[in-house]
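J.: Provided herewith is a single structure, encoded as structure tokens, for subsequent inquiry.
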Amino acid sequence: MITCAEAVRQLWDYLDGLVDESQREAIEEHLSFCRRCCGEVEFAEELRRFLAEHPETELPDDARARLVATLEELEKRP
Amino acid sequence: MVRANEPEEPTARQSGGFQALAERELPRLYRVARRLVGDEAEDAVQDALLKGYRGYGQLEDAAAAPAWLTAIVVNCCRDRARARARRPEVVELDEVEEFSLFRTIADEDPYPYSDSLHLDFLQQFGAEDVRAVLASLPERYRVPLVLVYCEGYHVKEVAFFLDVPLGTMLARLHRGRKLFERRLWDYAREYGLLKEGARR
């Protein structure tokens, strides 16, 4: 039987599918009776979504033009 | 992936392939670079295009080209981040290891009238706030975290990009997650996000 600390330590790896079968079973057994760690799992999932949905600036047209110009210059090299 | 004794410059046919590859990948490469070095993204991609052009002739597997070019961008970004850092940051990993953002929010209860305390906490953060928190992480932890969770790369791909064993990558990812949680909390405290309705 694993402790809350052990379960929490492995939660992200569990959600990422990076734990082996025995670790997965141990975590799921712990989650079956530990409400607090279930909250930790739900929050870890929220944090993963939070990071995945965090937007980033797309390639601006002027930067794209400069980068393509670099590629064209490289193509012209003898 | 790389054949020995190939000429350093690509053949005409291959270099044409490089331009097509790079143009196709530019939006993705730029986005990755933005996440890793912010305003220096365009310069980092420029660096990577030059390196990629020189190395393209040695690339044996065309299917691996996008990942190969991504690895070059990631490493150009890391070079820039390292050059910018005055000295490596000392991180108290033992303290961070024990930190749980979920428990801290529950214990501190920053929004007493909230019935979705943890979600409300995350909703205080705008895109610039998240960018600032990620930028505050040491490069060795930020890069795996951003590539896996923001960009959706598999941990094995990121280990390849960084040229480190998978175990090393997983350890850095684990510490990166813990440190990110800790820094989110510290940032919220410092910038007044722990007050009811601070940003809404």
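The values are calculated or read from the model by the stated rules, or taken from the named source; none is laboratory data. Not measured: the values here are computed from a predicted model. A quick note on method: Cβ atoms are made from the backbone with ideal geometry, for glycine too, and the neighbour counts reach across all protein chains shown.
J.: Among the residues of the range B:164-182 satisfying the criterion of being more than 12 Å from every other protein chain (Cβ to nearest Cβ) and without any contact (Cβ under 8 Å) to a residue 40 or more places away in the chain, which is surrounded by the most Cβ atoms within 10 Å (Cβ to Cβ)?
T.: B:ARG172
Each row is one residue, and each column tells you yes or no for (1) buried (at least 17 other Cβ atoms within 10 Å of the Cβ); (2) closer than 30 Å to B:THR70 by Cβ; (3) in contact with a helix residue (DSSP H, G or I) (Cβ under 7 Å, 6 or more places away or on another chain).
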{"residue": "B:LEU119", "(1), (2), (3)": "no, no, yes"}
{"residue": "B:ARG142", "(1), (2), (3)": "yes, yes, yes"}
{"residue": "B:TYR153", "(1), (2), (3)": "yes, yes, yes"}
{"residue": "B:LEU184", "(1), (2), (3)": "yes, yes, yes"}
{"residue": "B:GLU190", "(1), (2), (3)": "no, no, no"}
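J.: Any chance you could count how many residues in the range B:159-194 are of a type in the set (S, T, N, Q) and within 14 Å of B:LEU147 (Cα to Cα)? Please lay out each step first, then the result.
T.: Taking the range B:159-194 as the starting set, the residues that turn out to be of a type in the set (S, T, N, Q) are B:168.
So of that shortlist, the ones also within 14 Å of B:LEU147 (Cα to Cα) come out as none.
Adding up the residues that qualify gives 0.
J.: What's the number of the only condition in (1) in contact with an Asp or Glu (Cβ under 6 Å, 6 or more places away or on another chain); (2) modelled with pLDDT of 95 or more that A:PRO60 fails to meet?
T.: That leaves (1) as the condition not met.
J.: Additional query: Hey, among A:ALA7, A:ALA26, A:ALA44, A:ALA63, which residue is over 14 Å from the mean Cα position of the chain (by Cα), surrounded by 13 or more Cβ atoms within 10 Å (Cβ to Cβ) and closer than 26 Å to B:ALA132 by Cβ? Quick ask: steps written out before the conclusion?
T.: Values: A:ALA7 fails: closer than 26 Å to B:ALA132 by Cβ; A:ALA26 fails: closer than 26 Å to B:ALA132 by Cβ; A:ALA44 fails: over 14 Å from the mean Cα position of the chain (by Cα).
Only one candidate passes the filter, namely A:ALA63.
J.: Free of Cβ contacts under 8 Å to residues at least 12 places away in the same chain, under 23 Å from A:ALA5 (Cβ atoms) and among the acidic types (Asp, Glu): does that describe B:ASP115?
T.: Taking the combined requirement at face value, the residue does not satisfy it.
J.: Determine, yes or no, whether B:THR104 is surrounded by fewer than 19 Cβ atoms within 10 Å (Cβ to Cβ) and more than 8 Å from every other protein chain (Cβ to nearest Cβ).
T.: On the way: surrounded by fewer than 19 Cβ atoms within 10 Å (Cβ to Cβ): yes; more than 8 Å from every other protein chain (Cβ to nearest Cβ): yes.
Yes, satisfied.
J.: Here is a check on your reading of the model: is A:LEU31 buried (at least 16 other Cβ atoms within 10 Å of the Cβ), under 23 Å from the mean Cα position of the chain (by Cα) and under 16 Å from B:SER100 (Cβ atoms)? Talk me through it step by step, then tell me what you get.
T.: Numbers: buried (at least 16 other Cβ atoms within 10 Å of the Cβ): yes; under 23 Å from the mean Cα position of the chain (by Cα): yes; under 16 Å from B:SER100 (Cβ atoms): yes.
Against the criterion (buried (at least 16 other Cβ atoms within 10 Å of the Cβ), under 23 Å from the mean Cα position of the chain (by Cα) and under 16 Å from B:SER100 (Cβ atoms)), A:LEU31 qualifies.
J.: I've got another one for you. Check every one of the helices (runs of 4 or more DSSP H) wholly within the range B:86-198 and list those with 1 or more residues that are under 16 Å from the mean Cα position of the chain (by Cα), under 21 Å from A:TRP12 (Cβ atoms) and not aromatic (Phe, Trp, Tyr). I'd like the intermediate steps shown before the answer.
T.: On the way: elements: B:93-97, B:101-108, B:117-123, B:127-135, B:139-145, B:155-162, B:166-190.
Because the criterion is at least 1 residues that are under 16 Å from the mean Cα position of the chain (by Cα), under 21 Å from A:TRP12 (Cβ atoms) and not aromatic (Phe, Trp, Tyr), the helices (runs of 4 or more DSSP H) in the range B:86-198 that meet it are B:127-135, B:139-145, B:155-162, B:166-190.
J.: Just give me the residues in the range B:123-136 being in contact (Cβ under 8 Å) with a residue 40 or more places away in the chain and surrounded by fewer than 18 Cβ atoms within 10 Å (Cβ to Cβ), in sequence order. I'd like the intermediate steps shown before the answer.
T.: Step one: filter the range B:123-136 for residues in contact (Cβ under 8 Å) with a residue 40 or more places away in the chain, giving B:123-126, B:129, B:131-136.
Matches in the range B:123-136: B:GLN123, B:GLY126, B:ASP129, B:ALA132, B:ALA135, B:SER136.
J.: Moving to a separate point now. Of the conditions (1) at pLDDT 90 or above; (2) of a type outside the set (D, E, K, R); (3) surrounded by fewer than 19 Cβ atoms within 10 Å (Cβ to Cβ), B:ALA63 clears all except one; give me its number.
T.: All conditions are met except number (1).
Quick grid of which residues meet (1) facing chain A (nearest Cβ under 7 Å); (2) polar (S, T, N, Q):
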{"site": "B:GLN19", "(1), (2)": "yes, yes"}
{"site": "B:GLU23", "(1), (2)": "yes, no"}
{"site": "B:LEU26", "(1), (2)": "yes, no"}
{"site": "B:ARG31", "(1), (2)": "yes, no"}
{"site": "B:GLU42", "(1), (2)": "yes, no"}
{"site": "B:LEU49", "(1), (2)": "yes, no"}
{"site": "B:GLY52", "(1), (2)": "no, no"}
{"site": "B:GLY55", "(1), (2)": "no, no"}
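J.: Now, a different point. Return the pairs, sorted by first residue and then second, in which the second residue is part of a helix (DSSP H, G or I) and of a type in the set (Lys, Arg), the first residue lies in the range A:41-60 and is within 21 Å of B:ARG28 (Cβ to Cβ) and facing chain B (nearest Cβ under 7 Å), the beta carbons are less than 7 Å apart, and the residues are 6+ apart or on different chains.
T.: Cβ pairs passing all conditions: A:GLU56/B:ARG31; A:GLU56/B:ARG34; A:GLU56/B:ARG35; A:THR57/B:ARG34; A:GLU58/B:ARG31.
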